[in-house]
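Novice: Got a structure for you, questions after.
The values are calculated or read from the model by the stated rules, or taken from the named source; none is laboratory data. For clarity, every value in this text was computed on a predicted model and none was experimentally measured. Backbone-built Cβ (ideal geometry, glycine too); neighbour counts: all protein chains shown. Areas reflect the complete protein model, heavy atoms only, side chains present, ligands, DNA and RNA absent. Shrake-Rupley method; radii C 1.70, N 1.55, O 1.52, S 1.80 Å.
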Amino acid sequence: MAKTKVISAKEAAALVKDGMTVMVGGFMTNGTAETIIDAVKAAGSKDLTIICNDAGFGPSDAEPCGVGVGKLLNNGQIKTLIASHVGLNKECGTKYSAGELELILQPQGTLAEQVRAGGNGLGGFLTPTGLGTTVAEGKEIITVDGNEYVLEKPLHADVAIVQGFVADESGNIRYKGSTRNFNILMASAADTVIVEVEKIVPAGEIGPDYVETPHIYVDYLVLKEEA
């Protein structure tokens, strides 16, 4: 079984080009690959479409650059944000109101299912969530057995930035607790998948019962930088 290529965070950031669509795992920054995000911020790639549960956190005394994708948003690198919760980052509302950010809000379950659909090669799915609201504006409404549903199309990305806990040399991934959140879904729904992990062990050491993202989805591994 071949080894998955281990690269630096800087090399990972170089894979994120201007104008790309990038999925970023995490839930209110829990499970977000901060080492890679820092490198993407430093690299300065711009006009990105970011798909993430949230907008991360804005600047604070403790974190002057923000946390999670908030670092990219505050640095002006995000053109479009597709998310379900953005209230933790005031900069998101400020940039949206100023016309500096396109914001596409989706119900959280819908967003997760869109990513899952993208990872499984589906053409979309039907949901009653959002009917009669702004969520359904511009979307196709389909009637099944007398009931109306919103057609939600799948989401797919050029790059997924994922945070795991441990990887083996083949690229099999195990997560830690609630950091699984969007990471497992996003690892299946991008052309290039980069996983930040805390450690890399010999192939087979994780054990088949504990592999949560198989190596076939993983292109690159990055070791997390310790604070």
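Novice: I need to check one value: relative contact order of segment 111-209, counting alpha carbon pairs closer than 8 Å and at least 6 residues apart, in percent. Numbers along the way, then the final one.
Specialist: Details: 174 pairs, mean separation 30.1, N = 99.
Relative CO of segment 111-209 lands at 30 percent.
Novice: Starting from the coordinates of the alpha-carbon atoms of segment 88-221, obtain the Kirkwood hydrodynamic radius over all distinct pairs and give the value in Å to one decimal.
Specialist: Evaluated over segment 88-221, this radius sits at 16.9 Å.
Novice: Counting trypsin sites (Lys or Arg not before Pro) as exposed when in a DSSP loop with at most 15 other beta carbons within 10 Å, what is the longest stretch of the chain free of them?
Specialist: 47-138
Novice: Would you mind checking the pairs 41/95; 41/139; 5/153; 46/224; 3/176; 17/224 and listing those with alpha carbons more than 28 angstrom apart?
Specialist: 41/139; 5/153
Novice: Then there is this: What nm distance separates the two modelled labels at residue 145 and residue 97, each placed 7 Å from Cα along Cα→Cβ?
Specialist: Result for the modelled spin labels: 4.6 nm.
Novice: Enumerate the amide H contacts of residue 171 below 5 Å, restricted to partners 5 or more residues apart or on another chain; note that Pro and chain-start residues carry no placed amide H.
Specialist: 4
Novice: For segment 1-154, give the share of DSSP beta bridges that are antiparallel, in percent and rounded to the nearest 5; count only bridges with both residues there. Intermediate results must be reported in sequence, preceding the final value.
Specialist: Numbers: 9 of 21 bridges.
Roughly 45 percent of the beta bridges in segment 1-154 run antiparallel, per DSSP.
Novice: Another question, then. Got a number for carbon plus sulfur as a percent of segment 33-172's accessible area, 1.4 Å probe?
Specialist: Within segment 33-172, the accessible surface is 49 percent carbon and sulfur.
Novice: Kindly write out, for segment 90-95 in residue order, the coupling ³J(HN,Hα) from the Karplus curve 6.51 cos²θ - 1.76 cosθ + 1.60 (θ = phi - 60°), rounded to whole Hz, with x marking Gly and Pro.
Specialist: 4, 4, 4, x, 5, 5
Novice: Sticking with this structure for a sec: With θ set to phi - 60° and the Karplus curve 6.51 cos²θ - 1.76 cosθ + 1.60, what are the ³J(HN,Hα) couplings of segment 13-23 in order, to the nearest whole Hz, using x for Gly and Pro?
Specialist: 4, 5, 7, 9, 9, 3, x, 6, 9, 10, 8
Novice: Could you give the length gained on full extension between residue 3 and residue 46, defined as 0.36 nm per residue of separation minus the Cα-Cα distance, in nm?
Specialist: 12.3 nm
Novice: Find the eigenvalues of the gyration tensor of the Cα atoms of the chain, then list the square roots of 5 times those eigenvalues as equivalent ellipsoid semi-axes, largest first, in whole angstrom.
Specialist: 29, 23, 14
Novice: While we're on this one: Let me know the charge dipole size of segment 93-227 about its Cα centre in debye, to the nearest 20, where only the beta-carbon of Lys, Arg (+1) and Asp, Glu (-1) is charged.
Specialist: On the way: 9 positive and 20 negative charges, 44 e Å.
About 220 debye.
Novice: Just add up the charged neighbours of residue 5: K/R +1, D/E -1, any other residue whose Cβ is under 13 Å from the Cβ of residue 5.
Specialist: Details: positive: 3; negative: 11, 169, 219.
So the surrounding residues net to -2.
Novice: Which one of 83, 55, 187 has the biggest mean-square fluctuation once the chain is modelled by GNM with Cα springs under 10 Å?
Specialist: In the Gaussian network model the winner is 83.
Novice: Return the sequence-ordered ³J(HN,Hα) values of segment 42-58 in whole Hz as given by the Karplus equation 6.51 cos²θ - 1.76 cosθ + 1.60 applied to θ = phi - 60°, using x for Gly and Pro.
Specialist: Per residue, the Karplus-derived 3J(HN,Hα) values read 5, 6, x, 4, 10, 6, 7, 9, 10, 10, 8, 4, 8, 9, x, 10, x Hz.
Novice: Here's another thing I want to ask about it. Relative to the compact-globule scaling 2.2 N^0.38 Å, provide the ratio for the alpha-carbon radius of gyration of segment 48-134.
Specialist: Ratio of Cα Rg to 2.2 N^0.38 Å: 1.18.
Novice: Search the structure for amide H atoms under 5 Å from the amide H of residue 130, placed 1.01 Å from N in the peptide plane, and list their residues when 5 or more places away or on another chain.
Specialist: Amide H neighbours of residue 130: none.
Novice: Counting Lys +1, Arg +1, Asp -1, Glu -1, what net charge surrounds residue 219 among other residues with beta carbon under 11 Å of its beta carbon?
Specialist: Value of the local net charge: 0.
Novice: Report, in deg cm²/dmol and to the nearest 500, the calculated mean residue ellipticity at 222 nm for the chain, where each DSSP H run with n ≥ 4 adds -39500 (n - 2.57) and the sum is divided by the residue count.
Specialist: -5000 deg cm²/dmol
Novice: While we're looking at this one, here's another question. About the Cα centre, and with charges only on the beta carbon of Lys, Arg (+1) and Asp, Glu (-1), how big is the dipole of the chain? Nearest 20 debye, please.
Specialist: Taking the Cα centre of the chain as origin, the dipole is about 200 debye.
Novice: What figure, in Å² to the nearest 10, do you get for the accessible area of residue 97 with a 1.4 Å probe and non-protein molecules left out?
Specialist: 100 Å²
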